[in-house]
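Notes for the one structure printed next.
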Amino acid sequence: MKNEELWDNFLDVLSSKLNGISFNTWFKDSKLVSISDNNIVIEIGNQYKKNYIKDYYTDLIEEVLETVTNGNYTFELVTEEDLKKEKDTQPEELDLVDNNELPKFKDTVSNLNQKYTFENFIVGDSNRFAQTVALSVAEQPGKLYNPLFIYGKSGLGKTHLMHAIGNFIKETSNKSVLYVRSEEFINDFTQINRKGEDNLDLIQHFKDKYRNIDVLIIDDIQLFRTASQSQIEFFNTFNSLHDKGKQIVISSDSSPDDMKYLEDRLKTRFAWGLQANIMPPDYELKVNILKNKMLGTEVSTLIKPEVLDYIANNCENDVRHLEGIVNRLLILTSMYLPKEINLEFAQENLKDYFGSSLYITNSVAKVQKAVAEYFNLTVENLKSKKRTADINNARQIAMYICKMTTEETIERIGLEFNRNHATVIHACDKIEDEMKNNDNLKSQIIEIKAKINN
Ligand code: ADP
Ligand code: MG
């Protein structure tokens, strides 16, 4: 029996033994990694799921394996992260170099992860520009923006978009694509460097891998920080590809201008193309992503809208964190079988997940206290739903001062006033506007600021 056949049978039998919800929740995105020595390695979507499956479905998996193989198969669950780690710690390539043999550069493999596509990338204000230009590049590689430089903080979707570009190109053309993380480039280059310039075979392999392609996608180039030799080599690779009209897509955690360690000539090259920033998701995008990641699961039918609101207001500003929360909800739901996922259930079970240090030390509280005292109100007044003119006015001034004097995001400020980010923006615009013609307001704000700084 071929491996794929065995795997298909396995999934068939497994799904017949589980109800649809459980199967979709736990096994829908599982993949066959390998079968050897009667051991089957299965990739599971993430660590939570992996642990859960291990705890609750081991017996079932063994039973199903027995049914489809008639033999003694063992199984192993891994996540994408596990596979990456394994790859990173394998020393064989270096050993090969020491033995005077060629390292195994995987020159024909794209390294693309098919789970990241444009279809499942949710778009909002914070990532719309990056998504649009990424799609344009995928449609016309080498023609429009070259290089495309995507930057933004961790967990905001850079890697997802880069794979989406690669997958799209593979699907719609015959072009060869290589996705690499910068570590891999640095590792490959370091091997050559160790051997010295006289090892022509090694150099040729390196060049084949990186220059004999139509699209190079290189992720996280901030890792070049400590690898100046590799930077120079990347410069050469870049020129070679760019001269031939080959598309280059680069990502980093900050803009080229903020990468002090980056060679000026690389900065110049990067400026030839287009730079797209991905910002942290706003409230609306967070809710959309939450809904989307729950789609088709039981959680989506049980969850109350206010819970989505609660999560979107309290979570960290990155998508990875959102995914973690959804996974947690999936697990909780299958464990406790709640009739509905209401605020109480969510607060009880997700509280720890949001971390306790979030609101304790921020200075929004300080501003609120100063403003409340100044206007003879209480902090509770400011945070309440009350909309009397005096409270409303004080609240708007407080929001404005928070925006001007604290490090907090608009969303976070809103949260501290039990309001959404749109309300904060409106308040700040309004105060800013009024200050232009209202000297009294101006001096009030100056006095309050002075109070805060005391
Ligand atoms: P980065 O590379 O910027 O650190 P990733 O691309 O690894 O971030 O994204 C982290 C996780 O969040 C991934 O699982 C990714 O699929 C998911 N993700 C990020 N942005 C989005 C989005 N807009 N829509 C759907 N999933 C997203
Ligand atoms: Mg990434």
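When each of VAL319, VAL364 is tested for being surrounded by 15 or more Cβ atoms within 10 Å (Cβ to Cβ), under 23 Å from the mean Cα position of the chain (by Cα) and either farther than 23 Å from LEU285 by Cα or at pLDDT 90 or above (or both), the lone residue that passes is VAL319. Of everything listed in (1) away from ligand 2 (no atom under 16 Å from the Cβ); (2) of a type in the set (Val, Ile, Thr); (3) not in a loop (DSSP other than H, G, I, E, B), the single unmet condition for ILE122 is (3). Is the stretch 225-242 home to any residue that is surrounded by 14 or more Cβ atoms within 10 Å (Cβ to Cβ) and closer than 22 Å to ASP318 by Cα? Looking through the stretch 225-242, none of the residues is surrounded by 14 or more Cβ atoms within 10 Å (Cβ to Cβ) and closer than 22 Å to ASP318 by Cα.
The residue that is surrounded by the most Cβ atoms within 10 Å (Cβ to Cβ), among those in the stretch 335-348 that are out of contact with any strand residue (DSSP E or B) (no Cβ under 9 Å at 6 or more places or on another chain) and in a helix (DSSP H, G or I), is PHE345. Looking at the stretch 279-299, can you tell me whether even one residue there is surrounded by fewer than 18 Cβ atoms within 10 Å (Cβ to Cβ), acidic (Asp, Glu), out of contact with any Phe, Trp or Tyr (no Cβ under 6 Å at 6 or more places or on another chain) and under 18 Å from LEU148 (Cβ atoms)? Looking through the stretch 279-299, none of the residues is surrounded by fewer than 18 Cβ atoms within 10 Å (Cβ to Cβ), acidic (Asp, Glu), out of contact with any Phe, Trp or Tyr (no Cβ under 6 Å at 6 or more places or on another chain) and under 18 Å from LEU148 (Cβ atoms). Note on the stretch 180-223: among residues that are within 16 Å of ligand 1 (Cβ to nearest atom) and of a type in the set (A, V, I, L, M, F, W, C), the one that is nearest to ILE169 (Cα to Cα) is ILE217.
Number of residues in the stretch 41-72 that are assigned to a loop (DSSP other than H, G, I, E, B) and either without any contact (Cβ under 8 Å) to a residue 12 or more places away in the chain or not small (Gly, Ala, Ser) (or both): the value is 4. Within the stretch 152-176, being away from ligand 2 (no atom under 16 Å from the Cβ), of a type outside the set (A, V, I, L, M, F, W, C) and in contact with a helix residue (DSSP H, G or I) (Cβ under 6 Å, 6 or more places away or on another chain) holds for one residue alone: LYS175. Number of residues in the stretch 206-244 that are within 14 Å of TYR179 (Cα to Cα) and free of Cβ contacts under 8 Å to residues at least 12 places away in the same chain equals 0.
If I filter the stretch 279-303 down to residues being out of contact with any Asp or Glu (no Cβ under 6 Å at 6 or more places or on another chain) and under 12 Å from ALA346 (Cβ atoms), which single residue comes out as nearest to ligand 1 (Cβ to nearest atom)? Per the criteria, the residue is LEU290. Scanning the stretch 379-413 for residues that are within 15 Å of VAL424 (Cβ to Cβ) and acidic (Asp, Glu) returns GLU407, GLU408, GLU411.
Take ASP220 and tell me if it is within 16 Å of ligand 2 (Cβ to nearest atom) and either among the β-branched types (Val, Ile, Thr) or surrounded by fewer than 20 Cβ atoms within 10 Å (Cβ to Cβ) (or both). Yes; evaluated as a whole, the condition is true for this residue.
Just a yes or no: is a residue in the stretch 203-217 buried (at least 23 other Cβ atoms within 10 Å of the Cβ) and within 14 Å of ligand 2 (Cβ to nearest atom)? Yes: the stretch 203-217 contains one or more residues that are buried (at least 23 other Cβ atoms within 10 Å of the Cβ) and within 14 Å of ligand 2 (Cβ to nearest atom). In this structure, ILE331 does not satisfy being free of Cβ contacts under 8 Å to residues at least 60 places away in the same chain and either buried (at least 16 other Cβ atoms within 10 Å of the Cβ) or assigned to a helix (DSSP H, G or I) (or both). Candidates are the residues of the stretch 367-410 that are under 19 Å from ASN314 (Cβ atoms) and not basic (Lys, Arg); the one that is nearest to the chain's Cα centre (by Cα) is THR409.
If you go through the stretch 131-175 and pick out every residue that is assigned to a helix (DSSP H, G or I) and either closer than 11 Å to VAL249 by Cβ or not small (Gly, Ala, Ser) (or both), you end up with 23.
The values are calculated or read from the model by the stated rules, or taken from the named source; none is laboratory data. Keep in mind it's a predicted model, so treat the numbers as computed, not measured. Backbone-built Cβ (ideal geometry, glycine too); neighbour counts: all protein chains shown.
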